[in-house]
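Encoded as structure tokens, the structure appears first; notes follow it.
No lab work stands behind these numbers, since they all come straight from the coordinates. What you are looking at is a predicted structure, and each value in this text was computed from that prediction instead of being measured. Please note: Cβ atoms are built from the backbone with ideal geometry, for glycine as well, and neighbour counts cover all protein chains shown.
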Amino acid sequence: MVRHFDLTLGLPHTNRRGLWEPLLLMHAGHFHWQTIAATIGRPLSSLVTRDGSAVYAAFYFLETVFPDHLPIESYGLDDTLRFAVTLRAFKNLTMEGQLRFDRASTTPSAPPAAVPYLRFANIFITPKASNRELKIVAPIDADFSSLPVLPNDENPYHLTRAARADGSLGLFASGWTPAAAGFDYYYDIDGDRDTNGAGLVYFANYITFAEAAERAWARATGTAGERSIRHRRMAYYGNAEPDDRIRIRVAPFTCAGRPDRFGARFTIERETDRQLICISEVVKAVAVGR
């Protein structure tokens, strides 16, 4: 079953360049959550464990793809976007959502591969004692049997687990090479701005952290120019307390024969205990000659 949502872009969804990725993901993630809630016939805030503890559908993977002919900044104020959302489930523990979108006036006739694409994967968790200790659980009285089954070999869980072992999410294959030594950027979590209603650091804000680290790297290295998202993967392994400090290690990449492409890997750790909480890889288009 496909569910559709419309979003008319305004100031809450855009920045100086147009539609902004973290804000896009916040709203698209909300559509994803609404689709899950509609499937089980109840709000996700009502989910609990057998002992009554709160259960959250935490993101553990996301993927963003923009084709060259529809960059993210081509969407701006007063554009109405139409999202098509489909879900698959694996054993009442993990959910995958695939979302495609474009302007509402063109979506019906656009082939799926020709429009922007988002992929979310969630796993049900409950905080054991704090944001630093999250336990995987199956919520009681939640029935996902009406959804198509997410085959185990297509579950993003395997990609995230492999990335934890080897540090790679697979975007930098043949032709890509590290461009320079790593760069460290530190960020103090803002307990009000960076958290969500569950008290966790919001999944979309990790992109904000990575983008800030990328800008800091560019300033430190004198690397000028605007860069536009084409492909991002992000794997989550934990969370942070509202007063935590995190370290973001930036590793830039270049692609042979493609001066119009920039790549970066971001490894995010809590500074206090050096625990890995996120890995992100991004490929961006570069305005060559600017």
With the charge dipole of the chain built from beta-carbon charges (+1 for Lys and Arg, -1 for Asp and Glu) about the Cα centre, the Cα from ILE140, PHE253, ILE229 projecting farthest to the positive end belongs to PHE253
Considering amide H positions built from the backbone, and no H for Pro or chain starts, which residues 5 or more places from HIS231, or on another chain, come under 5 Å of its amide H? PHE66, VAL283
Once you have the Cα-Cα distance between SER146 and ASP243, take 0.36 nm times their residue separation minus that, and quote the gain in nm to one decimal. 30.9 nm
How far is it, in nm, from the label point at ILE136 to the one at ALA104 when both lie 7 Å from their Cα along the line to the Cβ? 4.0 nm
CD proxy, 222 nm, the chain: helix-only mean residue ellipticity via -39,500 (n - 2.57) per DSSP H run with n ≥ 4, per residue, nearest 500, stands at -5500 deg cm²/dmol
Sorted by packing (mean other beta-carbon atoms within 10 Å per residue), highest first, where do 60-70, 116-126 land? 116-126, 60-70
Is any helix in the chain, taking whole DSSP H runs, at least 27 angstrom long along its axis by alpha carbon and on average at least -0.5 on the Kyte-Doolittle scale, and which ones? 21-40
Let me know the volume per residue of the alpha-carbon convex hull for the range 212-290, in Å³. 103 Å³
Please report MET26, MET1, MET95 as a ranked list, fewest other C-beta atoms within 10 angstrom at the top and most at the bottom. MET1, MET26, MET95
Euclidean distance between Cα centres, the range 113-190 to the range 1-60, Å: 16 Å
Over the residues of the range 136-290, compute the C-alpha Rg and express it relative to 2.2 N^0.38 Å. 1.17
Any aspartates and glutamates with Cα under 17 Å of the LYS91 Cα? List them, leaving off those in the same chain fewer than 8 positions away. ASP141, ASP143, ASP153, GLU154
Spelling out what I want: for every residue of the range 239-246, take phi, set θ = phi - 60°, compute 6.51 cos²θ - 1.76 cosθ + 1.60 (Karplus), and round to whole Hz; glycine and proline get x. 9, 10, 6, x, 10, 6, 10, 10
Residues in the range 215-245 near a label at GLU271, defined as backbone nitrogen under 17 Å from the 7 Å Cα→Cβ point? 216-217, 240-245
Assigning unit charges at the beta carbon (Lys, Arg +1; Asp, Glu -1) and nothing else, what dipole magnitude in debye, to the nearest 20, does the chain show about its Cα centre? 500 debye
Would you please classify the overall shape of the chain from the alpha carbon gyration tensor, given that a ≥ b ≥ c denote the square roots of the eigenvalues, rounded means a/c under 1.5, and beyond that prolate means a/b larger than b/c while oblate covers the rest? oblate
Mean separation of Cα pairs under 8 Å and 6+ residues apart, divided by the residue count of the chain: what relative contact order is that in percent? 19 percent
For peptides 172-180, 47-55, sequence by mean Cβ density within 10 Å, most packed first: 47-55, 172-180
Which of ILE72, ILE229 has the fewest other C-beta atoms within 10 Å, and how do the rest follow up to the most? ILE72, ILE229
In what sequence do GLU154, GLU211 fall when counting other Cβ within 10 Å, fewest first? GLU154, GLU211
Hey, with R₀ at 25 Å, roughly what FRET efficiency would ALA256 and ALA224 work out to, going by the Cβ-Cβ distance, to 0.05? 0.70
What does the C-alpha gyration tensor say about the overall shape of the range 17-123? Classify as rounded when a/c is under 1.5, otherwise prolate if a/b is larger than b/c, or oblate. prolate
For the range 89-97, Karplus couplings with θ = phi - 60° (6.51, -1.76, 1.60), whole Hz, Gly/Pro x: 10, 10, 6, 6, 10, 10, 10, 10, x
Please work out whether the range 155-209 counts as rounded, prolate or oblate from its C-alpha gyration tensor, where a ≥ b ≥ c are the square roots of the eigenvalues and a/c under 1.5 means rounded, while otherwise a/b larger than b/c means prolate and anything else oblate? oblate
Vicinal HN-Hα couplings computed from phi for the range 150-155 (Karplus, 6.51 cos²θ - 1.76 cosθ + 1.60; Hz; Gly/Pro x): 7, x, 4, 6, 10, 6
Farthest positive-ward along the range 111-197 dipole, Cα basis, beta-carbon charges - from TYR185, VAL115, VAL149: VAL149
How would you rank 220-227, 267-274, highest first, on the average number of other Cβ atoms within 10 Å across their residues? 267-274, 220-227
